[in-house]
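Input: a single structure, listed below in structure tokens.
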Amino acid sequence: MATRREPRFKLCRHLGVNVCGHPKAMKRSDPKKAAAASARTGQKISQYALQLLEKQKIKAYYGILERQFARYFDMAKKSNEMTGVALLKSLECRLDNLVYRIGFARSIRQARQFVSHGHILVNGNKVDIPSYGVKVNDVISLKEKSRTNALIEANFNGLVSFNVPYIEKDKSKFSATLIREPMRDELPIDVNEILAVELYSK
């Protein structure tokens, strides 16, 4: 299974946003120094560089590679929505991402590992494909044996994770339901998908 393996905190500082969700990811980042360095050199960021940066942010937020991004982009172009919005919605509804949003895992990497190791059920059936597309009203839960896993239990019961309106959690059953499709302004990511679409449309 292909996955991103670069240092997470370094990637966050490079992109300028906390794509991994760790509270210490941006600790060594200093926007003032970066701005001052840019002013001294007189460098101007090109439109291409801005577009590329936004595409890299999307890939980093969802932990996907270039080929996967291209596949989701092609699907988004065929939808009835704006391409950028459709792209983000389909990525947001990946099983590994929702496992992360629910709070079973502390990172998208950990969520992907839990899924691939068979800890996660969708509508009562084991699904070990991280890219699985979750549909509205699908119930994501922990396998019975995995509910005693100390790490997963600590994550779900103690982690202050994302509180997004399109996910309804049931802590007593170690489960959550995708109650509706997410809206663009509800997605907990800092990205300009329009620029990414412009780059990929060339």
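The values are calculated or read from the model by the stated rules, or taken from the named source; none is laboratory data. In this text the structure is predicted, and so the values were computed from the model without any measurement. Using ideal geometry, Cβ is built from the backbone for each residue, glycine included, and neighbour counts are taken over all protein chains shown. Calculation scope for accessible area: heavy atoms of the full protein, side chains included, ligands and nucleic acids excluded. Shrake-Rupley method; radii C 1.70, N 1.55, O 1.52, S 1.80 Å.
Some values worked out for this structure:
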read-out	value
Spatial separation of Cα centroids for segment 46-64 and segment 120-175, in angstrom	28
Anisotropy class of segment 49-97 from Cα gyration tensor, a/c 1.5 cut	oblate
Set LYS57/LYS145; LYS57/LYS169; LYS78/LYS143; LYS55/LYS171; LYS57/LYS89 screened for pairs whose C-alpha atoms are more than 25 Å apart	LYS57/LYS145; LYS57/LYS169; LYS78/LYS143; LYS55/LYS171
HN-Hα J in Hz across segment 140-145 - Karplus 6.51, -1.76, 1.60, θ = phi - 60°, x for Gly and Pro	9, 9, 8, 4, 3, 5
In range of the label at LYS202: residues from segment 53-84 whose backbone nitrogen is under 20 Å from the point 7 Å along Cα→Cβ	53-60, 66-74, 77, 83-84
Protection proxy ranking, peptides 78-84, 108-114, average beta carbon neighbours within 10 Å, highest first	108-114, 78-84
Gain upon complete extension [GLN47, LYS77; 0.36 nm per residue less C-alpha separation]	8.6 nm
Surface share of carbon and sulfur [accessible, 1.4 angstrom probe, percent] for segment 127-202	53
